[in-house]
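What follows is one structure encoded as structure tokens, with my remarks underneath.
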């Protein structure tokens with residue numbers, strides 16, 4: 001008999017506040033919980049403050065993926081400490097700021113002392129001040145590299161990605177105290193040109209190593225799958241207008257029967273973004289198409305893939321530690337979208353690499369899925385088939401996703 005992974009069983013019990021189910025898991029599946037780490041957002045003053053003294057609130061360009069404002073961090077390490085100390089435990093937490101390509105490009109101009117608009121200069125400085133004031137802040141370049149690697153692979157003379165990567169590496173040499181005193185004077189300990197040329201060979205080699213990196217290729221396949229989903233969304237919107245349940249039913253049919261996976265993260269954001277009186281601005285290009293829908297869907301797909309990247313980053317651990325990523329973007333529409341349905345609960349099984357994510361609106365959204373499922377899709381919702389789709393989602397086939405995108409493009413070309 002098929003038994004749900006323990007992270008899924010716990011997720012359902014926690015989301016539904018099913019205390020009886022929680023007690024049953026504790027009695028019968030406790031051995032499977034040894035390698036679990038759990039992050040539960042809370043307003044309780046006893047939780048870990050997810051701001052981490054970074055001073056994020058004044059900086060509107062930094063967006064958390066967790067609901068916050070604090071979190072309870074639970075693992076076998078914290079449980080043992082709490083047992084020994086009578087309820088208190090220490091927990092290792094790291095955190096990082098990740099960036100979209102828009103910010104990365106502005107940073108490149110800033111670091112190289114090139115002319116940029118005053119408002120953009122101020123924005124870059126406001127983000128860099130977070131690093132200057134708190135040395136523990138890490139900068140994560142992976143999201144924008146995931147998106148830009150394909151540009152260089154397809155056009156080797158495109159130097160922007162490597163130039164941007166070098167700009168980020170140059171920050172490792174910046175005198176941050178001097179920057180806080182005067183952000184107009186960047187002190188790298190040597191000239192910008194000399195440091196740039198010294199770093200260039202290593203960063204070119206690193207970027208080249210990503211061309212065939214399995215993780216990067218998976219991200220590209222995921223972005224293609226999301227692009228196909230968004231193109232289908234635009235087609236369904238044109239067909240069903242304001243009938244949101246019919247649109248959701250169509251997206252579920254597409255996901256289950258064609259995409260081969262149910263992207264809950266994307267579907268919940270789509271539902272939340274469309275179900276308000278005024279649809280979220282992020283989805284505007286698909287609600288009222290006025291330009292190149294295919295190009296718009298591709299750009300939006302990479303934005304959503306960045307969110308997936310952050311979820312993957314949040315899984316990493318060392319000795320039971322937790323990792324909390326934040327995302328930096330100057331795009332107000334993207335920041336608004338990211339806040340539509342933040343993560344309230346994350347369960348991670350380090351033994352099986354399993355993960356379950358609970359978002360703010362999951363409790364109302366999952367019954368809705370059950371309500372709108374077509375009969376054909378319902379036949380594919382057995383536990384065994386769901387498990388098979390999850391496995392397939394981990395190994396998306398790039399070529400198959402390309403075919404799917406090409407098929408969806410036909411409605412818009």
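Side notes on the structure shown:
- Some residue of segment 215-225 being surrounded by fewer than 22 Cβ atoms within 10 Å (Cβ to Cβ) and at pLDDT 90 or above: yes
- Residue among 108, 123, 29, 129 that alone is under 23 Å from residue 344 (Cβ atoms) and either within 26 Å of the chain's Cα centre (by Cα) or surrounded by 13 or more Cβ atoms within 10 Å (Cβ to Cβ) (or both): 29
- Filtered residues of segment 367-413 (kept if more than 30 Å from residue 294 (Cβ to Cβ) and surrounded by 15 or more Cβ atoms within 10 Å (Cβ to Cβ)): 381, 386
- Residue check for residue 284: part of a helix (DSSP H, G or I), surrounded by fewer than 20 Cβ atoms within 10 Å (Cβ to Cβ) and within 22 Å of the chain's Cα centre (by Cα): yes
- The set of residues from segment 36-50 being outside any strand (DSSP E or B) and surrounded by fewer than 16 Cβ atoms within 10 Å (Cβ to Cβ) comprises 43, 44, 45, 46.
- Meets criteria (surrounded by 13 or more Cβ atoms within 10 Å (Cβ to Cβ) and in a helix (DSSP H, G or I)) for residue 186: no
- Taken together, the criteria place residue 368 among residues that are in contact (Cβ under 8 Å) with a residue 60 or more places away in the chain, part of a helix (DSSP H, G or I) and assigned by TED's automatic domain parsing to the domain that holds residue 251.
- Residue list for segment 7-25, restricted to those being free of Cβ contacts under 8 Å to residues at least 60 places away in the same chain and surrounded by 11 or more Cβ atoms within 10 Å (Cβ to Cβ): 9, 12, 13, 18, 21, 22, 23, 24, 25
- Test: residue in segment 299-317 that is more than 19 Å from residue 263 (Cβ to Cβ), in the same structural domain as residue 282 (by TED's automatic domain parsing) and more than 14 Å from the chain's Cα centre (by Cα): yes
- Check on residue 174, modelled with pLDDT of 95 or more and farther than 29 Å from residue 311 by Cβ: yes
- Qualifying residues in segment 318-340 (those that are at pLDDT 90 or above and touching a strand residue (DSSP E or B) at 6+ places or on another chain (Cβ under 6 Å)) - the one farthest from residue 276 (Cα to Cα): 322
- Condition met for residue 294 (surrounded by 15 or more Cβ atoms within 10 Å (Cβ to Cβ), in the same structural domain as residue 231 (by TED's automatic domain parsing), touching a helix residue (DSSP H, G or I) at 6+ places or on another chain (Cβ under 9 Å) and within 25 Å of residue 71 (Cα to Cα)): no
- Number of the condition not met by residue 382 [criteria: (1) free of Cβ contacts under 8 Å to residues at least 40 places away in the same chain; (2) on the phi < 0 side of the Ramachandran plot; (3) not assigned by TED's automatic domain parsing to the domain that holds residue 257]: (3)
- Number of positions in segment 313-339 that are free of Cβ contacts under 8 Å to residues at least 60 places away in the same chain, surrounded by 16 or more Cβ atoms within 10 Å (Cβ to Cβ) and within 16 Å of residue 140 (Cα to Cα): 1
Yes or no, residue by residue, for (1) farther than 29 Å from residue 304 by Cα; (2) modelled with pLDDT of 90 or more; (3) within 17 Å of the chain's Cα centre (by Cα); (4) in a helix (DSSP H, G or I):
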{"site": "53", "(1), (2), (3), (4)": "no, no, no, no"}
{"site": "57", "(1), (2), (3), (4)": "no, no, no, no"}
{"site": "74", "(1), (2), (3), (4)": "no, yes, no, no"}
{"site": "78", "(1), (2), (3), (4)": "yes, no, no, yes"}
{"site": "87", "(1), (2), (3), (4)": "yes, no, no, no"}
{"site": "98", "(1), (2), (3), (4)": "no, yes, yes, no"}
{"site": "103", "(1), (2), (3), (4)": "no, yes, yes, yes"}
{"site": "115", "(1), (2), (3), (4)": "yes, no, no, no"}
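The values are calculated or read from the model by the stated rules, or taken from the named source; none is laboratory data. None of the values given here were measured: they were computed from a predicted structure. Neighbour counts are summed over all protein chains in view; Cβ atoms, including those assigned to glycine, are modelled from backbone coordinates with ideal geometry.
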